[in-house]
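Inspection log for the structure reproduced underneath, given as structure tokens.
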Amino acid sequence: MTAQLKMNVIAARTNVQVVKVKHRCEVAQSAFNRRRPTADVPTNEECELVQRESPRRVATASKQAEVTLLSVKNIYPTDTDYGEHAAAFLSGNFTPVGRECTAVLSDVRDQDQILKNDRVQLTGTIPVDFPTGQFAYVGPNPKFPLNHYKKWGDGPGQRASGLGIGWHHWFEGDGMIFALTFKADGSIIYRNRYVRTDSWKLESMRQTRIFRPLMNADGATFLYNAACNFVETGSFLKDSANTALFYYAGKMLSLQDTQDPWEVDPHTLKTVGRCTFNGSFPLKLPFTAHPKIAPSNGDMIFFGFNPVSPPHCTIGAITPSGNVRALKPLWSSIVGSIFMHDFVVTNKYTILYEGSMDIEPVRQIIGRHPLQYNENRIARFGLLPRDEVNSKHGDVVWYDCSSAQSVFHFVNAWEEIDENDNLVIVIIGVREDGFFHNALKAKGARDWIKSATLKQEPIPRMHEWRISVGSGAVEETFLFNIAVETPRINDAYGGKRNRYAYAGRIHTESLVEDAQLKFNGIVKFDLHERKQQVYEHAPGIYGMEPQFIAREDADSEDDGWLVMYIHDENGPDLGTSYCAIFDARNIMAGPLAKIAVPERVPYGAHALWMPLSNSTEATLSSSAANTYQSVKINAPKKYAFRAEQIEDLLKAVTVGVARGASGLFMHGWRPGVKKDSPEYYSFARSFGMRLAEQGRVGSVRKKEILDEIYTGFPASPKLVLYDIEGNSECKVVREALSILDICCLIKPCPHGAVRHQGEAAALVHNTETVKFPVLLDVSTGDVFSGAKEILNHLYIVYLDGARPPSHLSTKAADIALRVGGKKEVDSCYASPTKMPVVPLTLWAYEASPFCAVVRDKLCEMELPYILRPCARASVRRDQLQKRTGTFQVPYLEDPNTNVNLFESAEIIEYIESQYGVES
Ligand SMILES: [Fe+2]
């Protein structure tokens, strides 16, 4: 190549990269930066129109969501700030989602109903004999705004070691489960939830990353980071439960290599805790992400890989009644270990695999990561005979392969007798020779992927090993040349000879261009005939791991369906995710049905199908019921109060009058008259007409209102406010929230209390003095301190560039508080209280004296709560009326106890008894 040609190529590459990055930035920022003119709140008539368009969904959607304080910032991570690997796996549809929600879709099998609506979530038809059960998927979904995942030391609250560089790695993200439950009545329930492991709780509590990166840390940094993790948390590694799911002995498990299994309630996806298998599981014993069911006795066979201390591998079994038995530690290596992710079982054998990725601590001395793909290490299989009744394992015998190689996922294994009556173990798996280890590195990944893809050699492909148990010979053959991963089979054939396998076809262009692992097709392999069928998704659509679900009374191995999440990257806001159902016998026909899910499903790890019995479905049905309908609500009384409240209420009234009722009306409030309807709130009704109040909101809130109408449930807060009652700056900010109609998670920080102060200090990077209020906008990742900054931000972002009005004056608010004698509450000292697991919700508006006394109590008790402002003209007045049959505030909802209350006196009495330390 001539020098000029080289220069042209380099210039062309540079231009492509520049254009590409620009395009990404535009796409990523477009949704966030979209600015529309300030808009009217959708009217009741508009609400009715949307409901007519989608009656099923609006009428039956149940979302109880919730709070996700820790959303993601909608930015495109760059290689420079994040490293190649993290930049790839924190962008596009790998971008984490920050919202947990539940939605119920009723009777999606009613095709007539579906055809009447153009906003349905289902396209195609769910087969009438599709079974009841739950399809679930898990993957890494980092919980903090993206800037926390920059090179370690550049994120909030992080300090670099100075020894080397540590980058975030996909495997280290927090686990989130995305599940669809298909019920016998034709309804479908959607949920997505974090697996709340100890690591998740610890980091969430401190609102910052604590676990330093290990997978992509330089050698010396690796050791230092691991030590810091241990000192700070008691664990070297982050516990994320983000890799795979398994259902066994009535337990749904969320799993991650090298960690304990975590149990999740399949009905609610709530994290139950570490699974101890009735107390029989040893403390801190690692558990594989891919346990197997023994075909002989139905035991769940597992191994535990411990990369740190020997024994590096322990195998065992769990009985169908959920108890551990037959534990066997293997002491094949003392110093250093071999990375293990998957294994296989047959009728009589448990078969371990030690590939060529090894962990040698000594490498850190020369600055290398201890985990490397070692081309000098010959891979090998370890066969352990297993008792078919009690799952007791005999001694391991190792069988060497011909070369260095690695396998992340096996397909299946079985026993055969050859023509000479010798026992042969046949193993099918996806072999790759160090491909992912290099492709997932922080530096040089793209160049490596490019050259490896050209060579084809290390690409993951279907491979067969035939181990002659008597002679020790291992025959090896690549079965197909197509690059695939996440292989699955009909699980009923585990450990038995089977014919069909299914996998995602790797989109090599995405790998080469973006270092992203995506599947642009589904492959069905016929292992008998050595044939393959490839169903290609449409351009821009990528699939995730396929799950085979057998038809009841199936007459062949492939008689059933493939279910998987697919993601359509076309369109705004990073695209839309669907659950797609294919006929496994004819994948080329494409999806029989596609169900759009309410939350984007980031490309993740592994899938699970969990059948539902009638009894479990009954439980599901009740647990999925709308919380607000399942609780009893006390009867509201107009302007009722108790004698002991009089002084506090008078003070609050005085403050409200002195503030000119700021926070009573929404921005742009104006009255009107409309035809009466009891469904909607109105201050005055007469002669079949009602007073219809209108306000104006910003484009962000308008979109949120439309979502609320569409789903039938209020949006999660995007703001977190660290607040003190009686503080004039805090008061004007809350007034602005009412005026702008923005809900907010309030974290009270009364003087002398400690519950939330540390978080606020960390956000403003000032441990000495924090100027309250402090506002975190989780949708932008911005933090502000003091009323002036916060008001500017709120008006610019939530009223489309408007400026705060002059009446939101802290001086005026201060005078009002003093006149009303409420200034003393500025120093309301906290009394020790119990922390609710989930924040309470308070429907209120700033100018109401009855709401003020409830806020005082919540502040005094440091109880976090979601404030849903209901100023005059807010659609929340209609929403509350629809929920409860009336509108009155304050209205408190406690999702922890399902207690919902009107009446300030009763609310105060309740929170004192429920969360006071004496209760
Ligand atoms: Fe896996």
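What to note about this one:
- Ala802 surrounded by 14 or more Cβ atoms within 10 Å (Cβ to Cβ), among the aliphatic types (A, V, I, L, M) and farther than 21 Å from Ile724 by Cβ: yes
- Qualifying residue in the range 270-282 (condition: farther than 30 Å from Pro836 by Cα, aliphatic (A, V, I, L, M) and more than 16 Å from the ligand (Cβ to nearest atom)): no
- Within the range 211-233, residues that are in contact (Cβ under 8 Å) with a residue 40 or more places away in the chain reach partners that are among the acidic types (Asp, Glu) with beta carbons closer than 7 Å, at six or more positions or on different chains, in the pairs Pro213/Glu172; Met215/Glu172.
- Annotation: Ala692 fulfils all but one of (1) closer than 14 Å to Arg877 by Cβ; (2) surrounded by 23 or more Cβ atoms within 10 Å (Cβ to Cβ); the unmet one is (2).
Residue-wise test of (1) surrounded by fewer than 23 Cβ atoms within 10 Å (Cβ to Cβ); (2) among the hydrophobic types (A, V, I, L, M, F, W, C); (3) modelled with pLDDT of 90 or more; (4) assigned to a loop (DSSP other than H, G, I, E, B).
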| residue | (1), (2), (3), (4) |
| --- | --- |
| Ala852 | no, yes, yes, no |
| Cys859 | no, yes, yes, no |
| Arg883 | yes, no, no, no |
| Leu892 | no, yes, yes, no |
| Asn896 | yes, no, no, yes |
| Leu901 | no, yes, yes, no |
| Tyr910 | yes, no, yes, no |
| Ser919 | yes, no, no, yes |
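- Verdict on Met205 being within 16 Å of the ligand (Cβ to nearest atom), farther than 29 Å from Asp299 by Cα and either touching a residue at least 40 places away in the same chain (Cβ under 8 Å) or not aromatic (Phe, Trp, Tyr) (or both): no
- Some residue of the range 238-253 being without any contact (Cβ under 8 Å) to a residue 24 or more places away in the chain and either out of contact with any strand residue (DSSP E or B) (no Cβ under 7 Å at 6 or more places or on another chain) or hydroxyl-bearing (Ser, Thr, Tyr) (or both): no
- Failed item in (1) over 27 Å from Thr810 (Cα atoms); (2) surrounded by fewer than 21 Cβ atoms within 10 Å (Cβ to Cβ); (3) at pLDDT 85 or above, with Ile705 passing the rest: (2)
- Considering residues of the range 264-318 that are hydroxyl-bearing (Ser, Thr, Tyr) and in a strand (DSSP E or B) only, the residue surrounded by the most Cβ atoms within 10 Å (Cβ to Cβ): Thr271
- Whenever a residue of the range 556-569 is more than 15 Å from Ala503 (Cβ to Cβ), its partners that are charged (D, E, K, R) and not in a strand (DSSP E or B), lying with C-beta atoms within less than 6 angstrom and at least six residues away or across chains, give the pairs Glu557/Arg499; Asp559/Arg551; Gly560/Arg551.
- Tallying residues that are modelled with pLDDT of 95 or more and assigned to a strand (DSSP E or B) within the range 355-381 yields 2.
- Residue count, the range 319-354 (criterion: assigned to a loop (DSSP other than H, G, I, E, B), within 16 Å of the ligand (Cβ to nearest atom) and not aromatic (Phe, Trp, Tyr)): 3
- Within the range 667-700, the residues that satisfy the criterion of being in contact with a helix residue (DSSP H, G or I) (Cβ under 6 Å, 6 or more places away or on another chain) and under 18 Å from Ala844 (Cβ atoms) are His667, Tyr681.
- The residue that is farthest from Val411 (Cα to Cα), among those in the range 283-306 that are within 16 Å of the ligand (Cβ to nearest atom) and free of Cβ contacts under 8 Å to residues at least 60 places away in the same chain, is Pro286.
- Condition met for Val534 (crowded, with 22+ Cβ neighbours inside 10 Å and in contact (Cβ under 8 Å) with a residue 40 or more places away in the chain): no
- Per-region count, the range 359-398, residues of a type in the set (Phe, Trp, Tyr), surrounded by 15 or more Cβ atoms within 10 Å (Cβ to Cβ) and over 19 Å from Trp414 (Cβ atoms): 1
- Listed here are the strands (runs of 3 or more DSSP E) enclosed by the range 552-612 that have at least 1 residues being at pLDDT 95 or above and crowded, with 20+ Cβ neighbours inside 10 Å: 560-568, 576-583, 606-611.
- Elements of type helices (runs of 4 or more DSSP H) contained in the range 712-811, each with 1 or more residues being free of Cβ contacts under 8 Å to residues at least 12 places away in the same chain: 757-763, 787-798
- Residue in the range 784-797 that is more than 16 Å from Cys859 (Cα to Cα), in contact with a Cys (Cβ under 8 Å, 6 or more places away or on another chain) and surrounded by 24 or more Cβ atoms within 10 Å (Cβ to Cβ) present: yes
- Elements of the type strands (runs of 3 or more DSSP E) sitting completely within the range 116-223 and holding at least 2 residues that are more than 20 Å from the chain's Cα centre (by Cα) and at pLDDT 90 or above: there are none.
- If you filter the range 448-490 down to residues that are of a type in the set (Val, Ile, Thr), more than 16 Å from the ligand (Cβ to nearest atom) and outside any strand (DSSP E or B), you find that the one that is farthest from the chain's Cα centre (by Cα) is Val469.
The values are calculated or read from the model by the stated rules, or taken from the named source; none is laboratory data. All values derive from a computational prediction rather than experimental measurement. As a convention, Cβ positions derive from the backbone with ideal geometry for all residues, glycine included, and neighbour counts pool all protein chains shown.
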